[in-house]
Amino acid sequence: LKQLSIKNSYEAMGVSPSFSCIPYEIFDIPKEGTQVAFAESNAAIHANSYDNLKTNKESAFSALASAITGKSPYSSIRKEDSPNLTIRMKVKDPNELTYGMLGFFAGKVGDTSVNVSGLGKMDNRQCKAMCGGMGTSGTCAKFLFGDGDPSCEKIDFDQKEMQNVHDELNTAEKGDLITLGSPQLGLEEMSDLVGKLKGRSFQKRCMIFCPRTVKEQARKIGYTNELERAGCEILSDCCTCLTPLINKNDVDAVITNSI
């Protein structure tokens, strides 16, 4: 009831009820260099690093204040920033999980922003994983791509460092259920999942979290029928991390693609 009250208040102010942590996938992005106020950590990092926008890691309250006033404190990442650290990517053939662990590592060791060198071409899922990982582990809010200033401290992210992150985060050998969508899944990832199923079904409860607009698009295209046939529950307007649908009394560990 309290959440519904907050939702109704936002809508009364004219807010679009997207309930999504991936606004960069479901809204038109402003032109490069625009100052925005993104309150979700992976979204703020994505905005700064890939969309060439400028935002601090806002709270819901400060982002709302910015929406009402059109202003935001001129601090931190909103200023021109030169990282004092470069992370050199040394893992060969990285996948989505690798980039998530790289982001987690970068968030731990970086300050406000960090240089990352040695990256190849990344797809949307890998970019998202990197931003989600970084948003989890610290206050760092931006990647710059390249070696940075010659005086920067250089550290390597190699197989050993990646294994250290993996061992820190992977705390169970098997999980009771599968959760996908933190950050929420976009239409491209729903399509990938349908393609991978090839008529098979999940053997465990599988929960997919996506924006309401993506859920509607997936229904129209026919992805929803196939995913539900395979045993997936498709949930919108909510989050893997905070949902009351997963209770520690019933669930010991989850299987997830999310850092």
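The values are calculated or read from the model by the stated rules, or taken from the named source; none is laboratory data. Worth saying up front: this structure is predicted, and the values here are computed from it rather than measured. We place every Cβ from the backbone using ideal geometry, glycine too, and count neighbours over all the protein chains shown. These area figures cover heavy atoms from the full protein model, side chains too; ligands, DNA and RNA do not enter into them. Shrake-Rupley method; radii C 1.70, N 1.55, O 1.52, S 1.80 Å.
Any idea what the dipole of the range 38-151 comes to, in debye rounded to 20, about its Cα centre with Lys/Arg Cβ at +1 and Asp/Glu Cβ at -1?
60 debye
Could you give the length gained by full extension between Glu173 and Cys239, i.e. 0.36 nm per residue of separation minus their alpha carbon distance, to one decimal place?
Taking 0.36 nm per residue and subtracting the Cα distance, the gain is 21.4 nm.
At a Förster distance of 35 Å, what's the computed FRET efficiency of Asp156 paired with Thr34, Cβ-Cβ distance as r, to 0.05?
Here the calculated transfer efficiency is 0.50.
Could you sort 16-26, 69-79, 83-93 so that the peptide with the highest average Cβ count within 10 Å comes first and the rest follow in order?
Answer by packing, highest mean first, reads 16-26, 83-93, 69-79.
Just to be sure I understand: if I project the alpha-carbon convex hull of the chain onto a plane and average over all orientations, what area do I get in nm²?
Answer in nm², one decimal: 15.3.
So, with a 1.4 angstrom probe, what is the percent of accessible area on the range 1-66 that is carbon and sulfur?
58 percent
Please state the charge dipole magnitude for the range 2-78, taken about the Cα centre, from unit charges on C-beta atoms (+1 on K and R, -1 on D and E), reported in debye and rounded to the nearest 20.
Dipole size: approximately 280 debye.
Can you pull the one-decimal nm distance between simple spin-label points at Phe61 and Lys92, each 7 Å off the Cα toward Cβ?
For the pair Phe61/Lys92, the computed spacing is 5.1 nm.
Using the basic label-point model (7 angstrom from Cα toward the beta carbon), what is the Phe27 to Lys79 distance in nanometres?
My value for the distance between the label points is 2.7 nm.
For the range 186-233, what mean projected area does the convex hull of the alpha carbons give, in nm²?
2.9 nm²
What per residue convex hull volume, in Å³, comes out for the range 12-65 when only alpha-carbon positions are used?
84 Å³
What ranking do 99-106, 206-213 get when scored by the average of other Cβ atoms within 10 Å per residue, highest first?
Peptide ranking by packing, descending: 99-106, 206-213.
Which percentage, to the nearest 5, of the DSSP beta bridges contained in the chain is antiparallel?
Antiparallel bridges make up about 0 percent of those DSSP assigns within the chain.
Suppose a student asked you for the relative contact order of the chain, using Cα pairs under 8 Å spaced at least 6 residues apart; what percent would you report?
Rounded, it is 20 percent for the chain.
Can you list the lysines whose alpha carbon is less than 21 Å from that of Lys121, not counting same-chain residues fewer than 8 positions off?
Result set, ordered by chain and number: Lys90, Lys92, Lys142.
For the range 85-169, state what percent of all Cα-Cα pairs lands in each successive 10 Å bin, counting from 0 Å until the bin that includes the largest distance.
For the range 85-169, the pair-distance distribution reads 20, 58, 22, 1.
State the percent of C-alpha pairs, over all pairs in the range 177-256, separated by a distance greater than 23 angstrom.
More than 23 Å apart: 16 percent of the Cα pairs in the range 177-256.
How big is the charge dipole of the chain about its Cα centre, in debye rounded to the nearest 20, if each Lys and Arg gets +1 on its Cβ and each Asp and Glu gets -1 on its Cβ?
Using only the charged Cβ atoms, the result is roughly 420 debye.
What is the extension gain from Val251 to Gln203, computed as 0.36 nm multiplied by their sequence separation minus the C-alpha to C-alpha distance, in nm to one decimal?
Net length gain for the segment: 15.7 nm.
Report, to the nearest whole %, how much of the accessible area of the range 85-169 belongs to carbon and sulfur atoms, 1.4 Å probe, protein only.
Answer for the range 85-169 is 45 percent, counting heavy atoms of protein chains only.
How many Å² of accessible area per residue for the chain, probe 1.4 Å?
For the chain, the per-residue accessible area is 56 Å².
Need one number: the % of Cα-Cα pairs in the range 1-123 sitting beyond the 20 Å mark.
52 percent
How far is the Cα center of the range 108-153 from the Cα center of the range 161-178, in Å?
22 Å
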